[in-house]
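The structure appears right after this line, and notes come after that.
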Amino acid sequence: MALHLEVKSRTFHFHEPAGTSRGVYRMRRSWLVYLRDDDGRAGVGECAPLPQLSCDDLPDYESILQDVCNTVASRGELDVEELRLYPSVAFGLETAFLHMKRGTPALFDTSFSRGEEGIPINGLVWMGTFDEMSRRVEEKLRQGFQCVKLKIGAIDWQLEMQLLQHIRRRFSAQDVEIRVDANGAFMPEEALEKLDRLARLNVHSIEQPIRSGQWQALERICRETPVPIALDEELIGIGSLIDKKEFLDAVMPQYLVLKPSLHGGMQGTKEWIELARARGIGTWITSALESNVGLNAVAQLAAHVYGPHIDFPQGLGTGQLFADNLPSPLEIRGEKLWFLPTKKGHTWMLRPLTQSDN
């Protein structure tokens, strides 16, 4: 089967600066891969490595992506096994092939893709000043979110604790679930003390409390923690099945937070989930600041691997972050993300970007 692939880059701009303990995002570069065959079938996927975080965030990324697309076109098929070192490339191409095969952005046949059920999501609160974060928390609670996730580690720890205490004074753990993401901001020697303070506020979990690569310290923290540990950055670059097993057996976290663009594409994400389940480790899926093309694919995958009837909030509420996002078949209603099968006008489904689109 003859295949044709075209790569187009696009830069998306945040409505507001998105702060993490590693820095502030103001824009996001992405590459859309348009796929078609000689029968006229077409699909599109998004390749979007996160700067200074993805293992395939490389200076010559666009050249590597184009070479992979040329190889796929000449072979007439996709071999994901060859892309374990390039998870964002794998994810984009997997998406494009599924889109072409299905003929619709409903990449899997699920109750979500049929528009019958929504996926519960957490309300994401980015880092900022105390007043900014307090305002954002209030906004998420007014919107009806029963699970909020706060990025912590950038402002004063005491102010962050005051913010969390403010939420708990108003809402019990039964009413509002609090998740926090430290993005590696804690020092190993202080982590357990801070985790103890978070436990008193009935925090559900904390993502990546210490900087990645410190397995010995991380194993001890996961073993002794009073708050469940969820790992995401720690998984980046662990590609082979053997290495994944070795890591999980050595560290044994309570949760994995899986981002297909960072953690092996769709196939690699499914591997992590299967290995985690075998060890009694929980998982959930989140987006990695992709545009609506990638976000839709992440949501479709979550519905496929966890559905039907998902009741555990996923991290899929990022579609409203960009001022110039692409049209989307997704819609947030209350605390759930819905797919609208009959929604029209998705130009990213139909053609590559023209110069006027940028």
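Every read-out reported here was derived from the displayed coordinates using simple, explicitly stated rules and does not represent laboratory data. Keep in mind the model is a prediction, meaning the values are calculated, not measured. Virtual Cβ from ideal backbone geometry, glycine too; neighbours counted across all protein chains shown.
Please give the peptides 74-81, 209-216, 177-184 ranked by average Cβ packing (other Cβ atoms within 10 Å per residue), highest first, as a rough proxy for protection.
177-184, 209-216, 74-81
Taking the alpha-carbon centroid of each part, what is the distance from the stretch 43-64 to the stretch 304-319 in angstrom?
Centre-to-centre distance over Cα atoms comes out at 25 Å.
Pull out a ≥ b ≥ c, the square roots of the eigenvalues of the alpha-carbon gyration tensor of the stretch 20-135, then state rounded if a/c is under 1.5, prolate if not and a/b is larger than b/c, and oblate in the remaining case.
oblate
For Asp67 and Glu16, what does the FRET efficiency come to when R0 = 22 Å and r is the distance between their Cβ atoms, rounded to the nearest 0.05?
Efficiency for this residue pair is about 0.05.
Restricting to bridges with both residues inside the chain, how much of the DSSP beta-bridge set is antiparallel, in percent to the nearest 5?
The answer is about 55 percent antiparallel.
Run the quick spin-label model on Ser111 and Gln254: label points 7 Å from Cα toward the beta carbon, then report their separation in nm to one decimal.
Output for this residue pair reads 2.8 nm.
Just for the Cα atoms in the chain, what are the lengths along the principal axes, largest first, rounded to whole Å?
Largest first, the chain extends 61, 43, 37 Å along its Cα principal axes.
What residues qualify as long-range amide H neighbours of Met27, i.e. H under 5 Å apart, gap of 5 or more or another chain, H built at 1.01 Å from N?
Residues meeting the amide H criterion: Phe14.
By how many nm would the segment from Arg200 to Arg102 lengthen if fully extended, with 0.36 nm per residue of separation less the alpha-carbon distance?
Answer, rounded to one decimal: 30.5 nm.
Where does each of 131-139, 85-93 land if you order them by average Cβ count within 10 Å, highest first?
Output ranking for 131-139, 85-93: 85-93, 131-139.
Starting from the 7 Å offset along Cα-to-Cβ, what nm value, one decimal, do you get for the label separation of Arg29 and Leu58?
1.5 nm
Between Glu81 and Glu331, what is the label-to-label distance in nm when each label sits 7 Å out along the Cα-to-Cβ direction?
Result: 4.4 nm between the two label points.
Return the tail of the calculated pair distribution for the stretch 7-61, meaning the percent of Cα-Cα pairs more than 16 Å apart.
For the stretch 7-61, the fraction of Cα-Cα distances above 16 Å is 56 percent.
Subtracting the Cα-Cα distance from 0.36 nm times the residue separation, let me have the gained length for Met161 to Asp243 in nm, one decimal.
Between Met161 and Asp243, full extension yields an extra 25.9 nm.
Please give the length that would be gained between Asp324 and Asp175 if that part of the chain were fully extended, namely 0.36 nm times their separation in residues minus their C-alpha to C-alpha distance (nm, one decimal).
Stretched fully, the Asp324-Asp175 segment lengthens by 50.2 nm.
Name the aspartates and glutamates eligible as straight-distance cross-link partners of Lys140: C-alpha to C-alpha under 16 Å, and not fewer than 8 places from it in the same chain.
Counting by Cα, and skipping residues close in sequence, Lys140 has these aspartates and glutamates nearby: Glu16, Asp131, Glu132, Asp175, Glu177, Glu331, Glu335.
Starting from the Cα gyration tensor of the stretch 71-222, take the square roots of the eigenvalues, sort them a ≥ b ≥ c, and report rounded, prolate or oblate (rounded when a/c is under 1.5, otherwise prolate if a/b is larger than b/c, else oblate).
It is oblate, given that a/c is not under 1.5 and a/b is not larger than b/c.
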